[in-house]
Amino acid sequence: MLSFLLTTVATALSLLVVDLVVPGVNIATFPVALIAAVAVGLVNSFVRPTLSVLSLPLNFLSLGLFSLVVNGICFALAAFLVHGFSVRGPIAFILGPVVLSFVNTFLSKYLAEKNPDVNIKTQA
């Protein structure tokens, strides 16, 4: 349970950084960021694997670059599901998940070092 809580908080904080850095990504409040973190985790767990398999030929032809589009679709779907979280424009669509992944990885590693007995996972 603590692992889920720390992972969710790390993702919520990462989403707030994305809100500051990436134009076109807007998150209204921290509670919205927490809900969006759960939505991102659920979309990445259930929708992303299916999209990845379906887009495998395009991903192969583009030498893996189409995975940025799959990440953008998942990011935009999570934004669609959460009121107060929006993704607008192609820059936000492509760059938002990339920044989220980098920041979330950094925060998760930091929290894992501070809490070695808890298994913390990245969601993006």
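The values are calculated or read from the model by the stated rules, or taken from the named source; none is laboratory data. The structure displayed is predicted, hence computed values, not measured ones. Positions of Cβ are generated from backbone atoms using ideal geometry, with glycine treated the same way; all protein chains shown enter the neighbour counts.
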**OP:** Name the one entry in Thr50, Thr29 that is more than 16 Å from the chain's Cα centre (by Cα) and under 20 Å from Ala10 (Cα atoms).
**Re:** Thr29
Original post:
For segment 35-94, which residues satisfy the criterion of being at positive phi and free of Cβ contacts under 8 Å to residues at least 60 places away in the same chain?
Top reply: Leu63, Gly64, Gly84
Original post:
So is Ser3 assigned to a helix (DSSP H, G or I), modelled with pLDDT of 95 or more and more than 12 Å from the chain's Cα centre (by Cα) or not?
Top reply: no
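Pick out, from segment 18-124, the helices (runs of 4 or more DSSP H) lying fully within it that include 1 or more residues that are surrounded by fewer than 18 Cβ atoms within 10 Å (Cβ to Cβ) and in contact with a Gly (Cβ under 6 Å, 6 or more places away or on another chain). Step through it out loud before you land on a result.
Values: elements: 30-46, 48-54, 56-61, 66-81, 90-114.
In segment 18-124, 90-114 are the helices (runs of 4 or more DSSP H) which contain 1 or more residues that are surrounded by fewer than 18 Cβ atoms within 10 Å (Cβ to Cβ) and in contact with a Gly (Cβ under 6 Å, 6 or more places away or on another chain).
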**OP:** Out of Val21, Val40, report the one residue that is within 14 Å of Leu100 (Cβ to Cβ), within 13 Å of the chain's Cα centre (by Cα) and hydrophobic (A, V, I, L, M, F, W, C).
**Re:** Val40
